[in-house]
Structures are given as structure tokens and as C-alpha cells.
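What follows is calculated from the coordinates using simple rules that are stated; it is not laboratory data. Quick caveat: nothing in here was measured; it's all calculated off a predicted structure. Note that we place each Cβ from the backbone using ideal geometry, even for glycine, and neighbour counts take in every protein chain shown.
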Amino acid sequence: MTRHFTDIDDLSAGELESVLDAAGELKSQVRRGEREPLLERQTLGMVFEKPSTRTRISFETGMTQLDGHAIFLGPDDIGLGEREPLKDTARTLSGYVDCAMVRLFDHDDLDELAAHATVPIVNGLTDDAHPCQTLADLLTVRETVGFDSRVAWVGDGNNVAQSLVLGCALAGVDLTVATPDEYGIDDDVLARAGDLGARPTTTDDPEKAVADADAVYTDVWVSMGETGGAEKRAAFEESGFQVNEDLLSGTDARVLHCLPAHRGEEITDDVIESERALVWRQAENRLHAQKGLLAFLLGAL
Ligand code: CP
Ligand code: NVA
């Protein structure tokens, strides 16, 4: 059966552990100057409706390191959902590539592609979820503060936050989510986390969330494609959601951010440039985590 990766809870807890273990091993190999050709002559199609730095480069580099190949298809190349129905694109892609990674606006479009593809569809970000980011986040947490630590999300209940909620539930990481009330995590995501045995603690108080946190995670207040940005930014600013030294004072918390960051909005320049920040490790870990994921989905582990 074709395994898709539409969100992190498409993996069981054991499978997540296997992917992270593989990622750690592949990272060590790269450090030793080795490249294991696990996906020799295999092709990844990469379809983007939105811009990207990390996702595009880490997947393409990952395929090169695994001895495979990646094809970049930007918004003007495929005309996804415009030139032909999504299901026709899914079936056509399935005849050419071994796996397709897609970055889309509408999560329902991802589900439609997955319903008709006979090769794995990997979610490279939708408006609702960013599970490849979560893999890298969990690898970073495991390498640094550890899975027995406390993580606090401070910001929008967005795609990155929602997949993190599910990933922390799967991995058994203690997560507190601080969002303004009107920008919280979707109820269905909280219910799915509950099904995995661990709903996060939720609050609208950033100070309470970070008080005993080992790592504090934030992301932009306005995501790609969102409208009403000025009003939303003002709501976050007024309610003290910026991750700055004042908020973090009295804690030794490390700081996570999926990037790109908007310095002066959700995070200050001094925090992201400080010893607290794990953000560059997180960005690099996209590469290793996704190599582990691709090897898993394509039966190469
Ligand atoms: N974190 C992340 O997905 O970055 P890009 O948007 O640059 O791919
Ligand atoms: N929440 C952000 C993440 C970017 C990687 C966005 O969707 O724009």
C-alpha cells in the first residue's frame, strides 16, 4: 500500500522513531563525508504553489545525497488545479516519479492528490500543516534539550504549530501552546492529539507558557497567503506574543523558529542571534530528517 505523509500522524510513534533514528544516522554519515545511495536512480517531483528556501533546497540536496534526482516544478510549471483536475495530475505524476513532495495552499488539495496518487505524496506545507518541519523540530529537540523536556509554542496556531502539536503527542514531548484565543489550534487537531494520548496544555498567556519551558518555539504571525495581516499583527503585538529577552528572562530556554523569521515582529534580532537559538540546527535538520522520511516511504530503511 502506498504510504503518504500528509501530516505527522500518518506515522505511528514507532515509525516516527525509526525515521528520526535514520535521520540521525544519515546526518552522522554526512559528517563523516559519506553518502549512502539509498535512493539510487529514484526521482522526487517537487510541486510548489508557494515560495520556499529550506524545503526546496533540503529536498533537492537530500535526493542528490541519496543518489536520486529531484525535479522542481514552480507555480507556473504545472498550473496545479488549473490546467487539469488534481486527480489527473496525481495519476500522471505517479507514472513518472517515485515520490512527490507538494507545497500547497489548501490542505484538501493535498488529500485529493494523495487519494489518486500511487506514489507517496509528501506534505511540504499546506495552510493547515507542516509535518516535514515537525520531523526536523523533533530531531532538534531530541539532539539538544531531549524528549523529556518542556516545549512552549508562543504565537499563531498555524500550520507549523498544528503539526508540532501532533508530533509532540506522538513523541511524548510535553507541549504548552500559547496563542491569542481567536488564533488557536483547530479543534480537530486537538482531538487528534487527544487520540494519540496527549493534548497540549493551551493558554493565552505567553509568560505562563515560557515560565518552565526548556525550549520556546515561535513562527511568523502572518503566514504565506493569509489576508488581514495588519490587524493580526497588532493583536499579537498588543498581547505580548513577541519572543524577546524580557519574555525569556529568568529562563534558560533555548529558542526554536522554523524560519523565515520576521525580526522585530514575532522574535527580536538579539534573541535569534543569541546562544539560545537552535534555529540553524533546525534548518539543517530539515535535510537529514527528510532523507530519513524519503528512505522510509520508499522502503529503503
Ligand atoms: N521552514 C520552511 O519551510 O522554510 P521555507 O518556507 O523556506 O521552505
Ligand atoms: N507559517 C509559515 C511557515 C513558513 C515555513 C507560513 O506558512 O508561511
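Listed values for segment 221-230 are Karplus-derived 3J(HN,Hα) couplings in whole Hz (6.51 cos²θ - 1.76 cosθ + 1.60, θ = phi - 60°), namely 7, 10, 7, 4, x, 7, 9, x, x, 4, and x replaces Gly and Pro. Rounded if a/c is under 1.5, else prolate if a/b beats b/c, else oblate: with a ≥ b ≥ c from the C-alpha gyration tensor eigenvalues square-rooted, which is segment 101-191? It comes out oblate by the Cα gyration axes. Rounded to whole numbers, the Karplus 3J(HN,Hα) couplings from phi for segment 149-155 are 9, 10, 10, 10, 8, 10, x Hz, using 6.51 cos²θ - 1.76 cosθ + 1.60 with θ = phi - 60°, and x at Gly and Pro. What is the sum of charges around Asp9, taking Lys and Arg as +1, Asp and Glu as -1, for the other residues whose C-beta is under 11 Å from the C-beta of Asp9? Net charge in that neighbourhood comes out at -3. Relative to the Cα centre, the charge distribution of segment 254-301, modelled as +1 at Lys and Arg Cβ and -1 at Asp and Glu Cβ, gives a dipole magnitude of about 360 debye.
Which listed residue (Ser52, Val151, Leu39) has the Cα farthest towards the positive end of the charge dipole for the chain, taking +1 on Lys and Arg C-beta and -1 on Asp and Glu C-beta about the Cα centre? Value: Leu39. In this calculation the C-beta distance from Asp270 to Thr43 is compared with R0 = 51 Å, giving a FRET efficiency of 0.70.
For Phe5, nonlocal amide neighbours, meaning residues 5 or more places apart or on other chains whose placed amide H falls under 5 Å from its own, are Ile121, Val122, Asn123.
Checking every one of the trypsin sites (Lys or Arg not before Pro) in segment 48-91 against DSSP loop status and a limit of 12 other Cβ atoms within 10 Å picks out Arg83. Converting phi to 3J(HN,Hα) with the Karplus coefficients 6.51, -1.76 and 1.60 and the offset θ = phi - 60°, segment 250-261 yields x, 10, 9, 4, 7, 10, 10, 7, 6, 6, x, 9 Hz in sequence order, with x at every glycine or proline. Taking Cα pairs under 8 Å and at least six residues apart, what relative contact order does segment 115-259 come out at, in percent? Result for segment 115-259 is 24 percent. Here's how it looks for Thr43: its modeled amide H is under 5 Å from those of His69, Asp98, Cys99, which are all 5 or more places away or on a different chain.
Charge dipole of the chain (Cα centre as origin; +1 on each Lys and Arg Cβ, -1 on each Asp and Glu Cβ, all else neutral): 1300 debye, rounded to the nearest 20. Among the GluC sites (Glu not before Pro) within segment 82-181, those in coil by DSSP and having at most 14 neighbouring Cβ atoms inside 10 Å are Glu82.
I'd like to know which of Val141, Val119, Leu93 lies farthest towards the positive end of the charge dipole of segment 82-165, counting +1 on Cβ of Lys and Arg and -1 on Cβ of Asp and Glu. Of the candidates, Val141 comes out farthest on the positive side.
Using a cutoff of 8 angstrom between alpha carbon atoms and counting only pairs six or more residues apart, the relative contact order for the chain works out to 21 percent. When only the Cβ of Lys, Arg, Asp and Glu is charged (+1, +1, -1, -1), the dipole of segment 143-301 relative to its Cα centre reaches about 780 debye.
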